[in-house]
Amino acid sequence: MICAIFAAKIMEKRLLSLLFIVLSLCWGMEVRALPAQEAHTFTLVLDAGHGGKDPGALGKSGKEKNINLAVALAVGKLVEDNMKDVKVVYTRKTDVFVELDERANIANKAKADLFVSIHTNALPNKKQGVGSETYTLGMHRAADNLAVAKRENEAIMLENDYENRYEGFDPKSAESYIIFEFMQDKNMEQSVKLATLIQQQFRSAGRVDKGVHQAGFLVLRATSMPSCLIELGYITTASEENYLTSTRGVNELAMSIYQAIKKYKANQK
C-alpha cells in the first residue's frame, strides 16, 4: 500500500514537470491561426450580344449591338458597386466582334456560376412587338421561339469556317435544331429560376412580361453553368426603340437584371 502511494506521488510529480515543460515551450512559441479555407468567389459572366461587324437587329437609328453593350455594362457596374463578393467577367466591353463559341469559352474558363447573354428583339415586315422575354436552352415550344433563335444564331455566318467549327450547323435550317430536342441540360432548373426572376423584375419595372421560353441558342449550348438569354425589347417598334436607346430605359433594364441576379445568388445560400 505504501509502495503504491509512493509510486503515485512520483507519477504526479513527473506529470507536473512535463506540463511545466510544455507550457514553457508554448509560452515562447508564436501563436499562428490555421489558414482559413479560401471562400468561393461567385463569378458572373455578362455577354453583350453581337458587336463589331455584327450589328444585330436594326431600328430606324439604333443598333442592337449598342443597346446590348450599354445594358451589359450598366448591369456590371451595379454588381461591382453593390455585390463585392461577386466577380464580373465580360465577353466584350467595347464594340468588337466575338464569336459565339468564344463567348461560351470565356465563361467556362472563368468557371462562372452564371452566364447572362443580353440581346434585343426584332420583328420582320413592320410587325409591332412590345415587352421583354428571357430564354433558356431547350426545345422550341413554338414557331416564334425558333424564329428568335434562328435570328440570333445567324451571327455564326460572319465567322471564318463556321461550317466546320459548328459541325455543319445551319442557323437557317429547322432540321439543324433537332439536336436541341435531345439535349439534357443539367443546369436547366437553375437556368429557369434565374429567367423567372428576371421576368418578375421586368414586370415590377413596368415592362410587358413576354414570359420565359426555351429555344436552341448556340451561345447557351456550350456553357457549363446556369445560363439564359434576355431579349430586352423590340428595336423594330418605334416606342420600344426610343425606350431601349434612352438613358432611362438602359438604367431600368439594367436594374431589373441586377435585382434578379442578386435574388438568385441569395437563394443559393
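The values are calculated or read from the model by the stated rules, or taken from the named source; none is laboratory data. All of these numbers come straight from a predicted model, not from anything done at the bench. FYI the Cβ positions are ideal-geometry reconstructions off the backbone, even for glycines, and counts take in every protein chain you see.
Name the residues in region 77-98 that are of a type in the set (D, E, K, R) and buried (at least 18 other Cβ atoms within 10 Å of the Cβ), would you? Full working, then the answer.
Residues of region 77-98 that are of a type in the set (D, E, K, R), as a first pass: 77, 80-81, 84-85, 87, 92-93, 95.
Passing the criteria: only Arg92.
Those residues that are of a type in the set (Val, Ile, Thr), within 15 Å of the chain's Cα centre (by Cα) and not in a helix (DSSP H, G or I), I need them from region 218-266; list them, please.
Pass one, region 218-266, residues of a type in the set (Val, Ile, Thr): 219, 223, 230, 235-237, 245, 247, 250, 257, 261.
Filter again for within 15 Å of the chain's Cα centre (by Cα), leaving 219, 223, 230, 257, 261.
Across region 218-266, the qualifying residues are Thr223, Ile230.
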| request: Kindly provide the set of residues from region 251-269 that are surrounded by fewer than 21 Cβ atoms within 10 Å (Cβ to Cβ) and aliphatic (A, V, I, L, M), ordered by number. | output: Met255, Ala266
| request: Show the residue pairs that are 6+ apart or on different chains and have beta-carbon atoms under 7 Å apart, the first residue being within region 205-228 and within 14 Å of Ala104 (Cβ to Cβ), the second being among the charged types (D, E, K, R) and buried (at least 20 other Cβ atoms within 10 Å of the Cβ). | output: Phe217/Glu152; Val219/Asp47; Val219/Arg103; Met225/Asp113
| request: Would you tally the residues in region 189-209 being surrounded by fewer than 16 Cβ atoms within 10 Å (Cβ to Cβ) and closer than 27 Å to Asp101 by Cβ? | output: 1
| For the subset of region 210-234 comprising residues that are more than 10 Å from Tyr135 (Cα to Cα) and in contact with a Phe, Trp or Tyr (Cβ under 6 Å, 6 or more places away or on another chain), which member is surrounded by the most Cβ atoms within 10 Å (Cβ to Cβ)? | Thr223
| said: Would you confirm, using the coordinates I've provided, whether Thr120 is surrounded by fewer than 22 Cβ atoms within 10 Å (Cβ to Cβ) and either polar (S, T, N, Q) or within 24 Å of Val212 (Cβ to Cβ) (or both)? | reply: no
| message | Every residue in region 48-76 that is among the basic types (Lys, Arg), within 15 Å of Ala122 (Cα to Cα) and surrounded by fewer than 24 Cβ atoms within 10 Å (Cβ to Cβ), please. | response | Lys60, Lys63
| request: Give, as residue ranges, the helices (runs of 4 or more DSSP H) completely inside region 90-173 that count at least 2 residues that are modelled with pLDDT of 70 or more. | output: 100-109
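Condition first: among the aliphatic types (A, V, I, L, M) and within 16 Å of Lys263 (Cα to Cα). Now tell me which residues in region 191-212 satisfy that.
To start, the set of residues in region 191-212 that are among the aliphatic types (A, V, I, L, M) comprises 192, 194-195, 197-198, 205, 208, 212.
Across region 191-212, the qualifying residues are Val192, Leu194, Ala195, Leu197, Ile198, Ala205.
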